[in-house]
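The numbers here are math on the coordinates, done by the rules we state, and not lab data. These numbers were taken from a predicted model, which means no experiment stands behind them. Neighbour counts are summed over all protein chains in view; Cβ atoms, including those assigned to glycine, are modelled from backbone coordinates with ideal geometry.
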There are 2 protein chains.
Amino acid sequence: MNLDFKVLASRVFKNMKTNIRISVDAMGGDNGPRIVLHGAVLALKQCKNIEFVFHGKEEILKPLLDEFAILKPISTVKHCEKVISMDEKPSNALRKGRGSSSMWSTLQAVKDGEADVAVSGGNTGALMAMATFCLRPIKGISRPAIAAIWPSMRADIVVLDVGATVGGDAKQLVDFTILGSALARALFNQTSPSVGLLNVGVEEMKGLEQVKEASRILAQAKNAGFSYHGFVEGDDIGKGTVDVVVTEGFTGNIALKTAEGTARQVGTYLKNALKADLISKLGALIASRALKAFKAKMDPRAGNGGIFLGLNGIVIKSHGGTDEIGFKSALCLAHEMAKDELLEKIAEGMERFPTSIDQTEKAKEIS
Amino acid sequence: MNLDFKVLASRVFKNMKTNIRISVDAMGGDNGPRIVLHGAVLALKQCKNIEFVFHGKEEILKPLLDEFAILKPISTVKHCEKVISMDEKPSNALRKGRGSSSMWSTLQAVKDGEADVAVSGGNTGALMAMATFCLRPIKGISRPAIAAIWPSMRADIVVLDVGATVGGDAKQLVDFTILGSALARALFNQTSPSVGLLNVGVEEMKGLEQVKEASRILAQAKNAGFSYHGFVEGDDIGKGTVDVVVTEGFTGNIALKTAEGTARQVGTYLKNALKADLISKLGALIASRALKAFKAKMDPRAGNGGIFLGLNGIVIKSHGGTDEIGFKSALCLAHEMAKDELLEKIAEGMERFPTSIDQTEKAKEIS
């Protein structure tokens with residue numbers, strides 16, 4: 001293994017550092033900076049060794065820091081005039097907000113080494129465009145992906161891409177495998193997480209051509225930092241059949257939102273059933289502790305945060321419409337990502353299973 | 001409207017007929033012919049004016065008919081030597097089973113006018129290949145689709161394609177709109193069901209090119225037997241934002257299976273929570289009526305049956321691993337489809353919004 005000097009130096013440096021520095025877009029999200037700073041207070045209670053750089057309008061953030069005084073000793077504010085709105089087109093956001101917006105400034109701090117990780121609850125498309133432009137894709141990775149940490153019946157698993165790309169060829173799916181398995185190694189302390197390619201059937205002959213091609217490439221991987229399981233289907237996500245589920249962003253995003261919608265629907269059915277008559281209400285009251293535990297398990301705020309992978313820097317996208325509890329989850333996820341040296345794990349994964357167009361071509365020749 | 005003589009004649013003929021004749025592949029499914037015939041007994045109790053033609057091995061089916069004697073006066077058995085196995089490749093199934101298998105015979109009966117609708121719980125890929133070969137696509141429809149009737153928080157909705165095609169261009173998505181909206185008109189007694197195209201965002205600029213192109217074509221539809229809503233996202237399925245959700249088969253299949261997996265996962269969470277301690281168990285016992293109602297609502301057997309659309313004949317695919325209750329649902333769905341004159345509604349839809357490659361080309365010029 002050929003860990004270069006830069007990586008080694010960064011490790012030593014990381015061990016010397018006492019705090020994880022989180023760069024936060026304080027203006028991002030539907031619910032304003034108060035939610036963001038309140039979330040930071042909650043994160044501070046949960047995660048050790050944390051520092052914040054808040055990016056946004058000083059005249060708003062300074063009074064909020066006075067209010068949440070516990071944050072003051074570990075926070076700095078970086079004034080930014082512009083705020084990217086939630087409905088701005090990515091291309092416009094990039095043109096107008098480059099350099100001057102809170103979103104850009106949040107990313108720039110990671111690029112400049114002033115922070116270890118960036119968090120924003122702003123416009124996803126704009127954030128992805130800016131992050132790609134500011135932090136640049138890792139050399140050898142064709143396009144970035146957004147990974148979700150998805151609760152399954154077995155354990156949490158990683159699903160990617162849930163919306164960064166639309167469409168994707170075999171090379172991209174192989175790249176996503178390397179990114180996703182590095183994330184699983186960082187998060188779950190596994191040495192060789194299992195990876196499945198999302199498909200419409202587990203048989204060899206089924207599915208899209210690029211998915212089959214990616215499968216042929218992945219089947220050749222040995223000691224690559226992941227073990228390739230083969231194809232998985234939609235219901236394997238909830239079962240937790242594999243540690244990492246790989247797909248392109250169109251299907252991944254629709255799977256994610258369909259699951260969210262289904263969970264909400266089932267929750268509503270249950271609530272309505274338990275309100276149907278007095279006896280049911282009484283039963284629900286008696287079982288309230290169990291129902292509360294169930295509700296907590298279903299709480300989408302607990303798993304808030306999409307992880308942008310494939311860039312020279314880690315970016316966490318919080319759900320825009322969340323509250324302080326959801327934002328706290330995103331901040332704690334960012335903290336964990338930085339602590340676990342995700343970028344180094346990705347670099348290591350790329351060395352262990354070098355992907356390139358050549359690899360794809362080779363597979364074509366073999367098949 | 002230009003309903004031709006054939007359609008008119010079939011309507012008159014249908015009104016003269018007293019019974020809906022269902023052609024049943026008695027050998028299809030994981031659990032054998034007993035489940036199939038038991039399901040028929042249950043369907044007979046629920047649906048009026050029903051007749052069965054069972055296709056399969058006489059030496060197995062005749063004794064079963066003796067056992068389920070109530071079926072005898074309304075059933076005929078068509079002996080078939082071959083059975084298509086659940087893991088047979090579609091191309092092999094077609095080569096080996098054409099003419100001689102229970103699956104083929106089930107479809108042939110619809111083609112020959114001996115039955116109004118076909119039902120099989122066999123191998124989906126083989127059934128789709130055989131159905132396409134035997135019944136042929138409707139002239140003007142590029143490829144068939146499988147539609148699912150999906151429970152939403154508002155009402156049942158139609159989602160297609162959930163697995164017949166993999167990938168699909170704009171023309172196909174427009175065809176699916178015509179097929180799906182005809183199904184919604186037949187099933188839900190609506191004159192102009194709302195249709196949404198499944199996409200990763202509701203904004204104009206997002207998503208796959210073919211989805212955007214289909215959207216441009218559908219936006220021009222007027223008085224077409226459906227009203228085009230625009231793009232919908234994964235969570236709109238559970239919400240019931242539209243009556244018909246249109247997508248190609250790869251994404252549709254993954255959405256369907258992800259939703260099934262999520263529903264099962266949430267159900268398991270609830271069951272485990274309610275078993276956690278004695279008080280919770282007591283509460284669950286008291287609320288048992290509500291929990292039973294909830295369970296019934298979640299029962300996948302209640303909505304069993306994928307509908308093959310776009311062929312000159314109606315075919316219902318039952319889940320292969322279901323029991324007699326699930327098979328009963330598939331038979332009742334078939335009964336309803338035949339009764340509601342689905343094929344005529346599709347023909348009508350095609351006249352009201354003629355789709356052709358020209359239409360796609362026209363949209364290209366406009367955009």
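Taking other Cβ within 10 Å of each residue's Cβ, how do A:171, B:96, A:328, A:222 sort, fewest first?
Numbers: A:171 23, B:96 16, A:328 27, A:222 8.
Taking fewest neighbouring Cβ atoms as first place, the list is A:222, B:96, A:171, A:328.
Which distances, shortest first and in nm, link residue B:68 to the matching position in the other copies, using label points set 7 Å out along Cα to C-beta?
6.4
For a quick protection proxy, order the peptides A:18-26, B:339-347 by their average other-Cβ count within 10 Å, most packed first.
Result, highest mean Cβ count within 10 Å first: A:18-26, B:339-347.
Summarise the partner chain shielding of A:238-248 as one whole number: the mean count of Cβ atoms from other chains within 10 Å of each residue's Cβ.
2
Looking only at other chains, what is the average number of their beta-carbon atoms within 10 angstrom of each beta-carbon in B:157-164?
Across B:157-164, the average partner-chain Cβ count within 10 Å equals 1.
Could you give, in nm with one decimal, how far residue B:325 is from each other copy of that position, shortest first, with labels 7 Å out from Cα toward Cβ?
3.5
Between copies, how close do the residue B:300 label points come, placed 7 Å along Cα→Cβ, listed in nm from shortest?
So the distances to the same position in the other copies read 2.4 nm.
To the nearest Å, what is the center-to-center distance of region A:51-117 and region B:317-354, using C-alpha atoms only?
When both Cα centres are located, 56 Å separates them.
Greater than 29 Å separation of Cα atoms is the criterion. Which listed pairs, A:48/B:239; A:239/A:271; A:96/A:139, meet it?
A:48/B:239
Using only the Cα atoms, what convex hull volume per residue in Å³ does the protein assembly as shown have?
Spread over its residues, the Cα hull of the protein assembly as shown gives 179 Å³ apiece.
Note down, for chain B, the three equivalent ellipsoid semi-axes (square root of 5 times each alpha carbon gyration tensor eigenvalue), biggest first, whole angstrom.
After diagonalising the Cα gyration tensor, the semi-axes are 32, 29, 19 Å.
From other protein chains only, count the Cβ atoms within 10 Å of every residue's Cβ in B:194-201, then give the mean.
So the per-residue partner count for this stretch is 3.
Over chain B, what is the relative contact order in whole percent, taking alpha-carbon pairs under 8 Å and six or more residues apart?
Working: 717 pairs, mean separation 82.7, N = 367.
The value is 23 percent.
Within 10 Å, count the other beta carbons around each residue, average over each peptide in B:237-245, B:111-119, A:173-181, and list them highest first.
So the order, starting with the most tightly packed, is A:173-181, B:237-245, B:111-119.
Using the Kyte-Doolittle scale, find the helices of chain B whose mean hydropathy is at least 0.5 and whose Cα atoms extend 18 Å or more along the helix's long axis, counting only whole DSSP H runs.
TM-like helix candidates: B:32-46, B:170-188.
Taking the Cβ of each residue in B:59, A:88, A:336 as the centre, tally the other Cβ atoms inside 10 Å and list the residues starting with the fewest.
B:59, A:336, A:88
Would you calculate the separation in nanometres between label points at residue A:279 and residue A:85, each defined as 7 Å from the Cα along the Cα-to-beta-carbon direction?
My value for the distance between the label points is 5.6 nm.
Given a cut-off of 28 Å, name the pairs among A:72/A:339; A:317/A:339; B:297/B:328; A:275/B:281; B:57/B:257 whose C-alpha atoms lie farther apart than that in the structure shown.
Listed pairs above 28 Å: B:57/B:257.
Which Cα, out of B:121, B:42, A:120, lies furthest along the positive dipole direction of the protein assembly as shown (beta carbon charges, K/R +1, D/E -1)?
B:42
Go ahead and run the numbers for FRET between residue B:154 and residue A:18, Cβ-Cβ distance against an R0 of 45 Å, rounding to 0.05.
Values: r = 54 Å, r/R0 = 1.19.
Calculated transfer efficiency: 0.25.
What net charge do the residues around residue B:328 carry, taking every other residue with its C-beta under 10 Å from that of residue B:328, with Lys and Arg at +1 and Asp and Glu at -1?
0
Output wanted: per-residue J couplings in Hz (rounded whole) for region B:148-154, from phi through Karplus 6.51 cos²θ - 1.76 cosθ + 1.60, θ = phi - 60°, x for Gly and Pro.
Residue by residue, region B:148-154 yields 10, 8, 10, x, 10, 5, 8 Hz.
Which net charge results when you count Lys and Arg as +1 and Asp and Glu as -1 among the other residues whose beta-carbon is under 12 Å from that of residue A:208?
Residues near residue A:208 contribute -3 overall.
For the residues B:251, A:165, what sequence is obtained by ranking on other C-beta atoms within 10 Å, fewest first? Please list the in-between numbers first.
On the way: B:251 30, A:165 21.
With the sparsest Cβ surroundings first, the list reads A:165, B:251.
So, in nm, how far is label residue B:100 from label residue A:45 when the simple model puts each one 7 Å beyond its Cα toward the Cβ?
Label-label distance for residue B:100 and residue A:45, simple model: 7.4 nm.
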